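Since the structure comes first, as structure tokens, the remarks are kept for the end.
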Amino acid sequence: MIRDITIGQYYPADSVIHKLDPRVKLFGVVIYVISLFTFRGIWGFLLVTLALAAMIKISKVPFRFMVKGLKAIVIILIITAMFNLFLTPGETLVTIWKIKITKEGLKSAVFMAIRLIYLILGTSTLTLTTTPNQLTDGMEKAFRPLNHIHVPVHEVAMMISIALRFIPILVEETDKIMKAQIARGADFESGNLIKKAKAMVPLLVPLFISAFRRANDLALAMEARCYNGGAGRTKMKPLKYQKADHISYLVILGYLVIVILMRVLL
Amino acid sequence: MSIILDKVNYVYSEKTAYEVHALKDINLKIEDGEFIGIIGHTGSGKSTLIQHLNGLVKATSGGIYYNGRDIYDEDFNMKELRGKVGLVFQYPEHQLFETTIFADVCFGPLNQGLSKKEAELQAFTALRSVGLPEEYWYQSPFELSGGQKRRVAIAGVLAMKPEVLVLDEPTAGLDPQGRDEILDQVAKMHKELGMTIILVSHSMEDVAKYVDRLIVMNHGSVMFDGTPKEVFHHYQELEAVGLAAPQVTYLMHELRKKGIPVDGEATTIEEAKASILKCFQNRENRS
Ligand SMILES: Nc1ncnc2c1ncn2[C@@H]1O[C@H](COP(=O)(O)OP(=O)(O)O)[C@@H](O)[C@H]1O
Ligand SMILES: [Mg+2]
């Protein structure tokens, strides 16, 4: 049940995208997201779809696995679509009781839904093909120049990487505690909202205790190994661009040019 | 009264890169009043197996029958089963959450729909039978030592008055004294309450002394199933899969190799001692 959460999960596979430098992938995702929220009309939509499809295909991550991540946002998706559908003024299509559905509303609801779905799919391609460690390494290196204006880049990267590392651990822990309480007759599914909220106490208290215990252990372990921040720290696997990375940069820039041209010309 | 597992298979994360075939064609029959040890190295599927016994995980294929009734039937009462087959998880102290020990132990019986009074009565009996001194009962469970916390957690399951008590590695992380105390307590419950007990462990030494039947798991399959003596007879095969027979078994086999006619099947220190003394006696009588 709870294990269906795939956000931040890594899917091991032998693909070109898996082997790319994380900085390239980060750059690619940023460009993709920009294109996603600026495209207009059917041609832009086709272009973004093509880019996404190509990304998924090359990544060799099964599509079924990607779609699992969408389940988590179904509610947000429906609410956003509703707002767009009912609250956009314009030419009326149908009227149900007092609610008017307009042509513009329908259009923006559909596009908003598509944008959200594509956003999740695109960003999950990044996290599914990049281990949390690679990802934060990439961020740390990409943002290193900010060090000059006293942004604690290393510390932030370390915090993110620890947080990401803890997600699967906490998910597993939740699953375990949930099972243990179900074995004692706890019921997490039935009842009204208040009853359900109350039923969470036997889950949340042990979960928080365990999270603090783990955080404490981790802090001790890091101190015991003389961790004292980023200064002078070297990497076991320093990031270095390969040929595939340079080609990918070119491809991404090419995509950006097409997006801009389409936006300007169409 | 029995639990029957018929060709049970279980696969984690089916059809993904993380697929693990954790149980392979498990056939078992567990009778009333048995004291069973399940043993196997880490990852052999012990925990997965026992979570099937109260329906917490559903077999990918195969059937499970509790007292002759298919637990996967539409109208089977799963909640009732969870009261009948009490499952104590590994590190059960991590599931404590109430403000007092007594309230925490009441959680299970209250979930079963008992009145406050009945629940308290059962909690009382349960805390008694795990041997936690009464002066602790109204303290916070988080102030106890590891071994005491574990007793409270076990009491939390006992308070549901299960017919079958399943304990997943109840001695993990305890010192030798805490370990013996818990295992002795469990053995006592088996004897006095006539409960069916299933004890999961990865230490032969732990279980050999207590159980009547040993089930050895290896890579998701049942490798051996018999009395401890029968199982330890295969000590060389056990060793090949990373398990060891109790130390005395090795000692006795070494002695036999040297031509001393001790009982090679002895599995506990007491049996070994008796057998060795008997050899000395025989020798003295002869000379
Ligand atoms: N929640 C889970 N998700 C995926 N795989 C699991 C999960 N729990 C256990 N496994 C895998 O199933 C196998 C059996 O595990 P388990 O039953 O916990 O063994 P044991 O209790 O004997 O150590 C192991 O290979 C383990 O990695
Ligand atoms: Mg286990």
- Message: Please list, short to long, the whole-number percent of alpha-carbon pairs of the protein assembly as shown in consecutive 10 angstrom bins beginning at zero.
- Response: 3, 13, 19, 20, 18, 14, 8, 3, 1, 1, 0, 0
- Item | region B:239-271-region A:195-264 distance, computed between alpha-carbon centres (Å) | 53 Å
- Task: Please sort by residue number the trypsin sites (Lys or Arg not before Pro) in region B:31-90 whose DSSP state is loop and whose Cβ has at most 14 other Cβ atoms within 10 Å.
- Result: B:Lys58
- Task: Report, ordered by chain and residue number, the lysines lying within cross-link reach of A:Lys60, taken as a straight Cα distance under 17 Å and ignoring same-chain residues fewer than 8 apart.
- Result: A:Lys19, A:Lys25, A:Lys68, B:Lys15
- With springs connecting C-alpha atoms under 10 Å apart, model chain A as a Gaussian network and identify which of A:Ile76, A:Ile96, A:Ile162 has the largest mean-square fluctuation. A:Ile96
- Candidate aspartates and glutamates - alpha carbon under 16 Å from B:Lys278, same-chain residues fewer than 8 apart omitted: B:Asp263, B:Glu265, B:Glu270
- Task: Please give, to one decimal in nm, the separation of the simple spin-label points placed at B:Thr268 and B:Asn27, each 7 Å out from Cα toward the Cβ.
- Result: 3.2 nm
- Task: Out of all DSSP beta bridges with both ends in the protein assembly as shown, state the antiparallel percent to the nearest 5.
- Result: 55 percent
- Item | the protein assembly as shown - charge dipole about Cα centre, Lys and Arg +1 at Cβ, Asp and Glu -1, debye rounded to 20 | 2580 debye
- Task: For region A:223-236, just list the computed ³J(HN,Hα) in residue order, Karplus coefficients 6.51, -1.76 and 1.60, θ = phi - 60°, integers in Hz, with x standing in for Gly and Pro.
- Result: 5, 4, 9, 6, 5, 9, x, x, 4, x, 7, 9, 9, 6
- From the Cα gyration tensor of region B:185-287, with a ≥ b ≥ c the square roots of its eigenvalues, which class applies: rounded if a/c is under 1.5, or else prolate if a/b is larger than b/c, or else oblate? oblate
- Calculate how many DSSP beta bridges within chain B are antiparallel, expressed in % of all such bridges and rounded to the nearest 5. 55 percent
- Task: Figure the gain on full extension for B:Glu80 and B:Lys116 (residue separation times 0.36 nm, minus the Cα-Cα span) and round it to one decimal in nm.
- Result: 11.1 nm
- Projected onto the charge dipole of region B:201-287 (unit charges on the beta-carbon of Lys, Arg, Asp and Glu, signs +1, +1, -1, -1), the Cα from B:His202, B:Gly226, B:Ser287 with the largest positive-side position is that of B:Ser287
- Which trypsin sites (Lys or Arg not before Pro) does region B:197-287 hold that lie in a coil by DSSP with at most 13 other beta carbons within 10 Å? B:Lys258
- When chain A is treated as a Gaussian network with springs between alpha carbons less than 10 Å apart, the largest mean-square fluctuation among A:Phe166, A:Phe63, A:Phe188 is found at A:Phe188
- Message: Could you check the spin-label model distance between A:Ala72 and A:Arg213? Points 7 Å from the Cα along Cα→Cβ, value in nm.
- Response: 2.5 nm
- Query: Chains B and A: how much accessible area gets covered up at their contact, both sides added, probe 1.4 Å, in Å² to the nearest hundred?
  - Reply: 2000 Å²
- Message: I'd like the residues of region B:145-160 whose 1.4 Å-probe accessible area shrinks by no less than 30 Å² going from the isolated chain to the full set of protein chains.
- Response: B:Met160
- Item | Selected from A:Ile31, A:Ile75, A:Ile17 as most flexible by GNM, with chain A as the system and alpha-carbon contacts under 10 Å | A:Ile75
- Value in Å of the Kirkwood radius, where region B:2-225 supplies the Cα pairs that are averaged: 18.0 Å
- Item | Lys/Arg +1, Asp/Glu -1 at C-beta; region A:1-144 dipole; positive extreme among A:Leu52, A:Phe83, A:Ala13 | A:Phe83
- Note on the structure: Scoring chain B by relative contact order with C-alpha pairs under 8 Å, at least six apart, yields a percentage of 21 percent
- Taking GluC sites (Glu not before Pro) as candidate sites, keep only those in a DSSP loop with at most 12 other Cβ atoms within 10 Å, then name the longest stretch of chain B containing none of them. B:75-287
- Relative contact order for region A:83-127, counting Cα pairs under 8 Å that sit 6 or more residues apart, in percent: 33 percent
- Message: Quick check on the protein assembly as shown: helices-only [θ] at 222 nm, where DSSP H runs of length 4 and up contribute -39,500 (n - 2.57) each and the sum goes over total residues. Nearest 500, please.
- Response: -17500 deg cm²/dmol
- Which whole-number value in Å² is the accessible area per residue of region A:116-266, probe 1.4 Å? 63 Å²
- Message: I'd like to check one number: the per residue accessible area of region B:174-247, probe 1.4 Å, reported in Å² as a whole number.
- Response: 47 Å²
- Message: As an exercise, find the ratio Rg/Rh for region A:150-233 from alpha-carbon atoms, using the Kirkwood inverse-distance average for Rh.
- Response: 1.15
- Note on the structure: Carbon and sulfur atoms account, in whole percent of the 1.4 Å probe accessible area of region A:150-233, for 68 percent
- To the nearest 20 debye, what charge dipole does region A:208-257 have about its Cα centre, counting +1 at the Cβ of each Lys and Arg and -1 at the Cβ of each Asp and Glu? 140 debye
- Rough spin-label spacing in nm, given labels placed 7 Å along Cα→Cβ, for B:Arg283 and A:Ile42: 10.0 nm
- Note on the structure: Sorted by chain and number, the residues with a modelled amide H under 5 Å from that of B:Thr196, at a separation of 5 or more or across chains, are B:Gly33, B:Leu165
- Roughly how many whole Å is it from the C-alpha centroid of region B:74-137 to that of region B:1-28? 29 Å
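The values are calculated or read from the model by the stated rules, or taken from the named source; none is laboratory data. Nothing here was measured: the structure is a model prediction, and the numbers come from that model. Glycine gets a Cβ as well: all are built from the backbone with ideal geometry, and neighbour counts include every protein chain shown. Just so you know, the surface numbers come from the protein's heavy atoms only, side chains and all, with ligands and any DNA or RNA stripped out. Shrake-Rupley method; radii C 1.70, N 1.55, O 1.52, S 1.80 Å.
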